[in-house]
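Input: a single structure, listed below in structure tokens.
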Amino acid sequence: MLPDFELCCSEFEHFGLTLSEDIYRKLDIYAEFLVEYNNNVNLTAITDPEGILVKHFIDSILLSKYADIPQNSRLIDVGTGAGFPSVPLKIYRNDIQLTLLDSLNKRIFFLQQLCDKLGIDAEFIHGRAENFSKLPEYREVFDVSCARAVANMSLLSELCIPFVKVGGQFLSMKGPSEDISSGENAVELLGGHIEQIIDYELHDDKRRIVAIKKISQTTTKYPRNSAQIKKKPL
């Protein structure tokens with residue numbers, strides 16, 4: 001499914017990454033299963049081999065290059081969809097302890113089958129972030145939360161920061177156009193601080209990572225329910 005190993009190595013090297021044969025094999029299994037499953041369940045609009053390689057896999061793995069993710073980090077991917085960015089990241093960094101959360105059960109079912117094929121150990125949560133981050137077993141216990149989503153920073157921060165323990169970080173993967181400063185108030189209310197904004201390119205596509213450090217506990221009134229979050233952003 002993916003381009004041949006040499007071409008994939010060349011693409012990885014272009015972005016300052018290395019690719020082993022074992023990682024290539026697992027990513028190839030991922031790509032093939034994604035396209036096959038996508039015929040019945042809409043997971044992605046990107047189904048060509050080059051697109052999957054660069055826009056899904058390399059983009060996801062670049063998170064480990066541009067952000068400091070400590071060894072053996074406990075990471076939750078909020079609204080993970082088809083597993084981006086966290087499953088390619090787990091393939092590349094097997095030390096990561098992975099939790100996948102999505103509100104649609106059909107996506108969770110896909111991810112369970114995918115991880116079984118890849119031999120990946122992960123926890124799967126079918127539900128809404130604003131509900132699960134209130135539970136003691138999930139609230140402020142993760143080293144890293146991440147999201148690759150089109151939602152604005154205010155909304156994403158309220159969904160993702162409560163999962164992160166003090167000293168941990170929320171990594172938000174964004175497009176280049178959003179005014180990140182509009183989410184600063186929400187970040188601070190939730191106990192975070194925008195530590196770094198990393199801009200990079202995937203060939204002709206501009207990308208951005210917003211790294212938010214958790215500096216204090218999130219007050220128990222957050223997150224609010226979904227209707228309140230949408231009606232009155234922080």
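Odds and ends about this structure:
- Ordering of 198-208, 82-92, 158-168, 125-135 by packing [mean C-beta count within 10 Å, highest first]: 82-92, 158-168, 125-135, 198-208
- Entry note, the chain: the mean residue ellipticity at 222 nm calculated from DSSP H runs of n ≥ 4, each adding -39500 (n - 2.57), is -9000 deg cm²/dmol after division by the residues and rounding to the nearest 500.
- Extension gain for the segment residue 225 to residue 116, taken as residue separation times 0.36 nm less the Cα-Cα distance, is 35.9 nm to one decimal.
- Partner lysines for residue 106 [C-alpha distance under 18 Å; skip if fewer than 8 residues away on the same chain]: 117
- In region 67-231, Cα pairs under 8 Å separated by at least six residues give a relative contact order of 20 percent.
- Unit charges on C-beta of K, R, D, E only; dipole of the chain, Debye: 1300 debye
Since every read-out is calculated from the coordinates, none of them should be taken as a lab result. Owing to the predicted nature of the structure, the values given are computational and were not obtained by experimental measurement. All Cβ positions, glycine included, derive from the backbone under ideal geometry; neighbour counts span all protein chains shown.
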